[in-house]
Amino acid sequence: MKRLLSATAIAATALIALTACGSTQSASDASSSGSKITITDATGTKVTLDGPAEKVVGTEWNVVEDLETLGVAPVGVADVKGYGNYDSAVPLTGDPKDIGTRGEPSTDTIAALAPDLIVATNDLKASVVKQLRKIAPTIVVASADGKDQLGTMHDTLDMIAKATGTAAEAKTVWSGFEDKLAAGKKELADAGKAGTTVAMADGYELSNQVTIRPYTSTSALGTVNERLGLENAWDVDSDAAYGLGSTDVEGLTKLGADTQFLYIANKADGNDVFADSLASNDVWKSLPFVEAGNVHRLTDGIWMFGGPGSMEAYIDATVAAITK
């Protein structure tokens with residue numbers, strides 16, 4: 001988990017300037033002429049395909065998830081094993097080639113696959129994207145945008161759909177996601193849980209020090225919570241792209257007894273910091289919401305930075321935790 005957290009934190013800090021352009025991308029930016037498809041990606045680059053892409057490589061898990069959601073099995077995926085551990089909500093199909101890490105994909109491995117499309121994010125270094133564009137048409141999508149997380153997520157889905165000829169599927173997927181949000185909100189309201197205060201987080205331990213990462217109201221999960229009619233308990237600074245903050249156990253003393261504390265861990269990490277590392281921590285044990293039993297570990301395999309597939313799994317897990 002520490003490796004995953006660090007990669008995301010670095011990307012969020014270093015690439016805020018790039019994410020600002022992500023919210024401007026949309027399906028309306030893409031046009032087709034005959035059999036060719038032209039797309040303007042999140043970097044403002046026009047990318048032309050000879051037709052709908054079939055052999056697609058994804059360098060980041062959110063785009064891989066979108067491909068699978070749209071029924072397109074990617075031929076190349078960054079960190080295949082990691083994806084299986086952290087994004088089981090939308091499992092891989094077929095037998096994709098592992099192209100290396102998400103931050104440093106192997107251009108040689110990608111070239112050997114002879115893809116007709118590569119989908120990357122603006123978390124990837126510009127120098128790497130430049131190399132990828134020499135191999136095959138490459139579209140870059142925005143990883144996150146704290147100003148409009150769901151809009152950015154929708155734009156990404158639509159852009160990938162345009163490139164792969166799956167626009168109808170994308171429309172169905174997004175409609176289903178909106179229906180899931182509405183159904184979750186109704187279920188919470190019917191259970192008398194509308195307006196419940198929630199604090200969504202994950203955490204990691206380094207040198208015997210536990211760091212807790214809040215998902216604020218500008219994160220994707222925070223945005224989903226608010227769409228469900230829930231109140232976000234966090235009042236901490238967060239990065240502009242991902243809406244993620246940082247605190248320690250003492251920082252949790254600001255949360256009220258009625259707060260529902262939701263968190264995601266993963267069995268692949270081998271350690272649940274909230275159930276294991278903090279089990280003997282006097283501050284943690286004395287927190288009112290902990291004493292009240294309002295701590296809920298959500299289902300494993302929900303990728304916190306994924307697309308509509310992961311968000312639907314998050315909705316199901318959150319509603320179930322709060323209404324049980």
Task: Answer from GLY84, GLY71 - the residue that is in the same structural domain as THR59 (by TED's automatic domain parsing), out of contact with any His (no Cβ under 7 Å at 6 or more places or on another chain), within 28 Å of TYR314 (Cβ to Cβ) and free of Cβ contacts under 8 Å to residues at least 12 places away in the same chain - done: GLY84
Task: Hits in the stretch 142-180 - residues which are crowded, with 17+ Cβ neighbours inside 10 Å and among the polar types (S, T, N, Q) - done: SER143, GLN149, THR152, THR156, THR164, THR166
Task: Residues within the stretch 190-238 that are part of a loop (DSSP other than H, G, I, E, B) and either touching a residue at least 12 places away in the same chain (Cβ under 8 Å) or touching a Gly at 6+ places or on another chain (Cβ under 9 Å) (or both), tallied - done: 18
Open item on the list: Take residues that are buried (at least 18 other Cβ atoms within 10 Å of the Cβ) and out of contact with any Leu (no Cβ under 6 Å at 6 or more places or on another chain) and tell me which of the strands (runs of 3 or more DSSP E) falling wholly in the stretch 36-133 contain 3 or more.
Closed with: 117-121
Open item on the list: If I filter the stretch 157-166 for residues that are closer than 30 Å to GLY51 by Cβ and in a loop (DSSP other than H, G, I, E, B), do I get at least one hit?
Closed with: yes
Open item on the list: Filter the stretch 181-212 down to the residues that are surrounded by 20 or more Cβ atoms within 10 Å (Cβ to Cβ) and among the β-branched types (Val, Ile, Thr) and list them by number.
Closed with: THR196, VAL198, ILE212
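Conditions (1) touching a Pro at 6+ places or on another chain (Cβ under 6 Å); (2) β-branched (Val, Ile, Thr), marked per residue:
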site	(1), (2)
LYS46	no, no
LEU49	yes, no
ALA53	no, no
VAL56	yes, yes
VAL64	yes, yes
ALA78	yes, no
GLY82	no, no
ASN85	no, no
PRO91	no, no
Open item on the list: Test of understanding: among VAL56, VAL75, VAL63, VAL119, which residue is among the hydrophobic types (A, V, I, L, M, F, W, C) and within 15 Å of the chain's Cα centre (by Cα)?
Closed with: VAL63
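The values are calculated or read from the model by the stated rules, or taken from the named source; none is laboratory data. Bear in mind that the values here come from a model prediction, so they are computed numbers and not experimental data. All Cβ positions, even for glycine, are placed from backbone atoms using ideal geometry, and neighbour counts span all protein chains on display.
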